[in-house]
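Single-structure report; data block below.
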Amino acid sequence: MKTFCGRANPTTGAVEWVEEDENYDYHQEIARSRYADMLHDKDRNTKYYQGIRAAVSRVKGRGEKAIVLDIGTGTGLLSMMAAAAGADFCYAIEVFKPMANAAVKIVEKNGFRDKIKVINKHSTEVTVGPDGDMHCRANILVTELFDTELIGEGALPTYEHAHKYLVQEGCEAVPHRATVYVQLVESKRMWSWNKLFPVRVEAEDGEKIIVSPSEMEKCPGVPSVCDIQLNQMPSSDFTILSDVVTMFSVDFSKPVRSASTCYRVQLEPVKSGKAQIVLSWWDIDMDPSGTINCTMAPYWVKPASAFQWRDHWMQCVYFLPHEEPVLQGEQLYLTACRDQYSLWYKLQKAREEENKADVRVESPVCRCQAHLLWNRPRFGQLNDQNRTCQYVKSLMKVLKADSVCLCVSDGSLLPVLAHYLGAEQVLYFFMYATFVFFFFKFFKANNLEDKIKVIEARPELLTSSHLEDKKISVLVGEPFFTTSLLPWHNLYFWYARTALSPHLSTNVTILPQAASLHMMIVEFQDLWRIRSPCGICEGFDVGTMDDMIQNSLNFRESKEAEPHPLWEYPCKSLSDPQEVLTFDFRETVPPHGLSTEGSVNLLRKGKSHGAVLWMEYHLTAGISVSTGLTHISNEKGNCEWNPHCKQAVYFFSPVIESQTLSEFPTAVKYAINFDTKTGEIAMDFKL
Ligand code: SAH
């Protein structure tokens, strides 16, 4: 079987499908998987163990044999817990082949070969009977198939099938039940991830306001979950409008129905405000009485002592289809609808409710196209008025009345800014024809239909007839491209600028005129866990998993950085931020690579978990925008990051927590190389 892996090519701005051969070992999937994070989740692991012990002893207490079905066994952890708790036999099902292989090794190493049978199948393919995968139905159902949204990884259809075909009626289930909680809030910050606010432009002839088409205001957006580390959202960034309400529960010990359905609860706002967002999280009870509870509740809902950092389960932000003013004490109905894999919400006033018997809500489909063009961080970025101001200021410096301005950036508002700031002619490149339609509507809403010319071509295919035989005098970009994964992938702007060289006037202005790559050594509060070996988990040796991840990291990923939005992952700086490479957009991309090496001093004591890298764009002399570090508090080294961008994190290998104070290095040596042929940056660090 052939496997295709998508990789962005920063030299063309496109995603290319790389064909991996039969022996492709899923290195990237393993290296970047969440298994390590789950194994470090002490709270989850201890509670599963308690719940499994209790379930096994209840079954044994009834004088029955304890036969366990563990769906999605991963490392085999939960099956080993069951075997250690006295289960007679465990069927450990795992669909992902490399994991099933690892589970076999781990089970063997821990001495449970006779008690646990690993089956490399999807649970819905598992057979029961004398010649089947399982000899009989199980009476204990153990699973951990949940994502941040609870059901996004297909837990419901898997449970539905398991109850029909794989477990006995009246079986025990660990977890026994899951409950989804919601809280209604108003939050300008989170709402800015979903709607485009009016953009203010201070032009010479007065203030201009860029508005969005009316369809956009009413559009319910896309159904994909917005999962974030809500614990990093300061309470000043939202206003609570309701108490925490139980939305629905699922009892996993009974037959589960996965068919689409709705749940409705009554709400009374505790405060008047604009209902915009439903925050949501879940908890699982490991036993029927609910005494063993594992919760994802955010900081303002639960005591700090119950806090466990984890990245595999976070919290959800749901955007209501449109904002709704609500009054303290009025009667509201909140409806959660779900299909098999996702959830969405609708808020209704009690008054309207009386007339409407059926409250079925359609799955949200973006009708305005903006939600397909802009993802949530991108909405946030476009709504960042300070950022817009930097572009306005720099455009004002470079634009002249006779400027012919071409913009190269995906889904950008720069052409509109350039028009308002006086460019004679504004041209806008589109690489994706699908979005031309959206921009026509957008320009129309702002009466700009005939002011901005849209060119559907790739930069290298631009001809002088596209430009009506004019030369480009101002080439602008944010730069921003939807295919960029790592910060430097937006250097595609440089490649586009190079391809456009024949069309640029001799005294062309390029904005940004340059970019620079910055780097800083950090100690993460928690993020290190996702790349840290686990060793022993709840008494079980899972070293095989650590080795497998390390092997995959060594294969390719270890020399690569990975993108993380660091506003969600606190860290402290151990070094000063350092500019390591610069890219001069006024020149074309050089044929040779750009490289640098040096040493960075560590100023603070701490564990050097890795280096963070980000880009800064120098728009014009004296005006820059940073996509990374925005502030650093000097005493402790706490960092603030651009909340709309992902930064690149290069984890030092191996990421270990056992460094002792005496071992702290005083400097880190680095070698960084930008390969102009591939657009990728390779790096190497020595502590
Ligand atoms: N049980 C382990 C791993 C949980 S991760 C632990 O708790 O540490 C969930 C695993 O379930 C993944 O490895 C995924 O590949 C697997 N999986 C999900 N749905 C499945 C299904 N229906 N049948 C078999 N495996 C499944």
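Straight-distance candidates among the lysines for linking to K470, with alpha-carbon spacing under 17 Å and chain neighbours fewer than 8 residues away dropped: K400, K451, K453.
Working out 0.36 nm times the residue gap between D576 and T666, then minus their Cα-Cα distance, what length gain in nm do you get to one decimal?
Details: separation 90, 0.36 × 90 = 32.40 nm, distance 1.27 nm.
Using 0.36 nm per residue and subtracting the Cα-Cα distance, I get 31.1 nm.
When the pairs K47/K302; K42/K97; K47/K121; K65/K117; K271/K349; K188/K274 are compared against a 19 Å limit on Cα-Cα distance, K42/K97; K47/K121 fall above it.
Could you point to the residue in T544, L500, S516 farthest towards the positive end of segment 490-584's charge dipole, with +1 and -1 charges on the Cβ of Lys/Arg and Asp/Glu respectively? Positive-most Cα among the choices belongs to L500.
In plain terms, the chain from Q385 to D131 could stretch by 84.8 nm, reckoned as 0.36 nm per residue minus the Cα-Cα distance. Taking only Cα atoms, what is the 0 to 90° angle, nearest 10, from helix 436-445's long axis to the longest principal axis of the chain? The angle comes out near 70 degrees.
Out of the total accessible area of the chain (probe 1.4 Å, heavy atoms of protein only), what percent is carbon and sulfur?
C and S fraction of accessible area: 50 percent.
Pairing the Cα long axis of helix 97-109 with the longest principal axis of the chain, what angle in degrees results, from 0 to 90 and rounded to the nearest 10? Long axis of 97-109 versus the principal axis of the chain: about 40 degrees. Each residue, S289 and S224, gets one label point 7 Å from its Cα in the Cβ direction; the gap between the two is 4.5 nm. Which residues does a label at L603 reach in segment 623-653, if reach means a backbone N under 15 Å from a point 7 Å past the Cα toward the Cβ? Within reach of a label on L603, which here means backbone N under 15 Å from a point 7 Å along Cα→Cβ, segment 623-653 contributes 629-640. Could you tell me the calculated FRET efficiency between N447 and K397, based on Cβ-Cβ distance and R0 = 25 angstrom, to the nearest 0.05? FRET efficiency, N447 to K397: 0.45. Taking all protein chains together, R310, R367, R62 sort by accessible area into R367, R62, R310, largest first [probe 1.4 Å]. Taking each residue as 0.36 nm, the span from E538 to A682 lengthens on full extension beyond its C-alpha to C-alpha distance by 48.1 nm.
Counting only other residues whose beta carbon sits under 13 Å from that of S236, what net charge do I get with K and R as +1, D and E as -1?
Working: positive: K188, R189; negative: E186, D237.
Counting the neighbours of S236, the net charge comes to 0.
With a Förster radius of 45 Å applied to the beta-carbon distance between S305 and E207, the computed FRET efficiency rounds to 0.30. Phi angles across segment 111-125 convert, under the Karplus curve 6.51 cos²θ - 1.76 cosθ + 1.60 with θ = phi - 60°, into 3J(HN,Hα) values of x, 10, 4, 7, 9, 10, 10, 8, 10, 8, 8, 6, 4, 6, 9 Hz, Gly and Pro given as x. Considering only S192, S57, L475, the residue lying farthest towards the positive end of the dipole of the chain is S57, judged by Cα position with unit charges set on Cβ. A simple spin-label model places the labels of K471 and R189 4.8 nm from each other, with each point 7 Å out along Cα-to-Cβ. Note on segment 375-419 and segment 207-237: Cα centroid distance 20 Å, given to the nearest whole angstrom. Once the C-beta distance of V454 and Q266 is scaled by a Förster radius of 56 Å, the resulting FRET efficiency is 0.70 to the nearest 0.05. How large is the dipole of segment 234-274 about the Cα centre if only Lys and Arg carry +1 and Asp and Glu carry -1, each at its Cβ, rounded to the nearest 20 debye? In total the dipole reaches around 180 debye. Projecting the Cα atoms of I228, F585, I277 onto the dipole axis of the chain, where Lys and Arg carry +1 and Asp and Glu carry -1 at the beta carbon, places I277 farthest toward the positive end. For the chain, a crude dipole built from +1 on the beta carbon of Lys and Arg and -1 on the beta carbon of Asp and Glu, taken about the Cα centre, is about 620 debye to the nearest 20.
Helix 155-165 and the longest principal axis of the Cα set of the chain meet at an angle near 30°.
Protein heavy-atom accessible surface, 1.4 Å probe, per residue over segment 179-368: 44 Å².
Please work out the average accessible area per residue across segment 524-628, using the 1.4 Å probe convention, and give it in Å². Spell out each step's value before the answer.
Values: 4150 Å² over 105 residues.
Heavy-atom SASA per residue in segment 524-628 reads 39 Å².
Solvent-accessible surface of segment 384-511, taken per residue with a 1.4 Å probe and all protein chains present: 39 Å².
The values are calculated or read from the model by the stated rules, or taken from the named source; none is laboratory data. Nothing here was measured: the structure is a model prediction, and the numbers come from that model. As a convention, Cβ positions derive from the backbone with ideal geometry for all residues, glycine included, and neighbour counts pool all protein chains shown. Ligands, DNA and RNA are excluded from the accessible area calculation, which covers all protein heavy atoms including side chains. Shrake-Rupley method; radii C 1.70, N 1.55, O 1.52, S 1.80 Å.
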